[in-house]
1. When you look at Val224, is it of a type in the set (Val, Ile, Thr), modelled with pLDDT of 95 or more, open to solvent by less than 90 Å² (accessible area, probe 1.4 Å) and assigned to a helix (DSSP H, G or I), yes or no?
2. Could you say whether any residue in the range 51-58 is over 44 Å from the mean Cα position of the chain (by Cα) and either exposed (fewer than 12 other Cβ atoms within 10 Å of the Cβ) or part of a strand (DSSP E or B) (or both)?
3. When you check Gly180 against the structure, is it in contact with a strand residue (DSSP E or B) (Cβ under 6 Å, 6 or more places away or on another chain), farther than 19 Å from Glu235 by Cβ and assigned to a loop (DSSP other than H, G, I, E, B), yes or no?
4. I'd like to check something: does the range 113-131 contain any residue that is in contact with a strand residue (DSSP E or B) (Cβ under 9 Å, 6 or more places away or on another chain), exposed (fewer than 13 other Cβ atoms within 10 Å of the Cβ) and either part of a loop (DSSP other than H, G, I, E, B) or touching a residue at least 60 places away in the same chain (Cβ under 8 Å) (or both)?
5. Quick check: anything in the range 90-102 part of a strand (DSSP E or B), of a type outside the set (S, T, N, Q), on the phi < 0 side of the Ramachandran plot and modelled with pLDDT of 95 or more?
6. How about the range 260-302: which of its residues are surrounded by fewer than 12 Cβ atoms within 10 Å (Cβ to Cβ) and under 21 Å from Gln169 (Cβ atoms)?
7. Residue check, Gly98 against (1) out of contact with any strand residue (DSSP E or B) (no Cβ under 7 Å at 6 or more places or on another chain); (2) more than 30 Å from Asp23 (Cα to Cα); (3) surrounded by 11 or more Cβ atoms within 10 Å (Cβ to Cβ), all met but one. Which one?
Amino acid sequence: MPEITKSVKFDNIAREWRCKWSDDNEKASLDAAQKALDDVLADLSSVEGVNSVQRVVCGGCLDFKVVTKLTAAGFKEWEKAKFAPEEEFLGKLKAIKGISTVETQTYTLEEVKMNKKDIKKAQEKKEKEAPKEEAKPPEDPAKKLKKVLKEGGKRGVEIEGAADMGGLQFFCTSVDEPEGDVELLKKCVEAMNAKSDPGEEERKGGSGHIGKMVFSAGAEHLAVLAYVPEEKQAELVCEEWLEKVLSTQPGHKILSSAKDYCTGTIATNADKGIFPLKIREGLILEANNFLRKKGLFPEDDGDDDDECVFGDDDFPS
């Protein structure tokens, strides 16, 4: 196989005939150029070694091109014949009013599209050679827990205020710091539910009387925790609420169940388009709708803007 460099090889050579045409007289020069091509096309197509003859027309730059592709061996023989019928065709183009810049060019022309098998091999090679991201050192557990408790305590105060203003018995939201860790999510919700100390400079918690479902997105799954305070347990079964919400997605699991706290997860599944952040808001709506059917959440008045869905962006940092 001929080569230009070790990595640039070719089997085929193309001869290009090109010119510029004019918009004048309803593109009469373009029609004439096409007729000139039609007159020589049979002879051109009959040249030994021709693989293809392509026509390129650009309505923006007003190009008219004819590209004839041959095997390298066939091209050498055609070159000896002065690329006939090139002289005839170019002569006709030059005689057309509105045609300008009549030129020729020779270059190699190869089909480089991969088949499915080669695509797979290339992708596997790319993945294998891709630089691996260095794993982040694990965060100090004590520092991580501190962040989780801080977020939970602050969110508890915010939930208490928002729920009291809206007359809500239950509240659904999401948190960041647990990052899908179920145990840390429970610690976060416990901090939300902790009794506020009036003597503290900064209030924390205070929402233990409010039932809640809290979501935390991680890379591998979405962690979900349902909490029903004792005084609400006669009206709502904690596990039933969680199961109803989780069951809307495949790959869900109930991890723990009690009258007050229940936890579960929904696994990430790229093949099915299941990603924690993508499904989270829809599940919050599902949780609210379940409460609404039991008369434990305000009825939807038809205005989507009034639906009570609270995520991380709804509470100031």
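The values are calculated or read from the model by the stated rules, or taken from the named source; none is laboratory data. Remember, it's a predicted structure, so these values are computed and weren't measured experimentally. Glycine also receives a Cβ, built like all others from the backbone with ideal geometry; neighbour counts cover every protein chain displayed. When the accessible area is computed, the model is the full protein with side chains, heavy atoms only, and any ligands, DNA or RNA have been set aside. Shrake-Rupley method; radii C 1.70, N 1.55, O 1.52, S 1.80 Å.
1. It is false that Val224 is of a type in the set (Val, Ile, Thr), modelled with pLDDT of 95 or more, open to solvent by less than 90 Å² (accessible area, probe 1.4 Å) and assigned to a helix (DSSP H, G or I).
2. No: the range 51-58 contains no residue that is over 44 Å from the mean Cα position of the chain (by Cα) and either exposed (fewer than 12 other Cβ atoms within 10 Å of the Cβ) or part of a strand (DSSP E or B) (or both).
3. In short, yes.
4. Taking the range 113-131 and keeping what is in contact with a strand residue (DSSP E or B) (Cβ under 9 Å, 6 or more places away or on another chain), we get none.
So far as the range 113-131 goes, no, none of its residues is in contact with a strand residue (DSSP E or B) (Cβ under 9 Å, 6 or more places away or on another chain), exposed (fewer than 13 other Cβ atoms within 10 Å of the Cβ) and either part of a loop (DSSP other than H, G, I, E, B) or touching a residue at least 60 places away in the same chain (Cβ under 8 Å) (or both).
5. yes
6. Lys293, Gly295, Glu299, Asp301
7. Of (1) out of contact with any strand residue (DSSP E or B) (no Cβ under 7 Å at 6 or more places or on another chain); (2) more than 30 Å from Asp23 (Cα to Cα); (3) surrounded by 11 or more Cβ atoms within 10 Å (Cβ to Cβ), only one is false for Gly98: (2).
Residue-wise test of (1) of a type in the set (Ser, Thr, Tyr); (2) open to solvent by less than 50 Å² (accessible area, probe 1.4 Å).
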residue: Lys9; (1), (2): no, no
residue: Ile13; (1), (2): no, yes
residue: Glu16; (1), (2): no, yes
residue: Ser22; (1), (2): yes, yes
residue: Lys35; (1), (2): no, no
residue: Leu93; (1), (2): no, yes
residue: Glu110; (1), (2): no, no
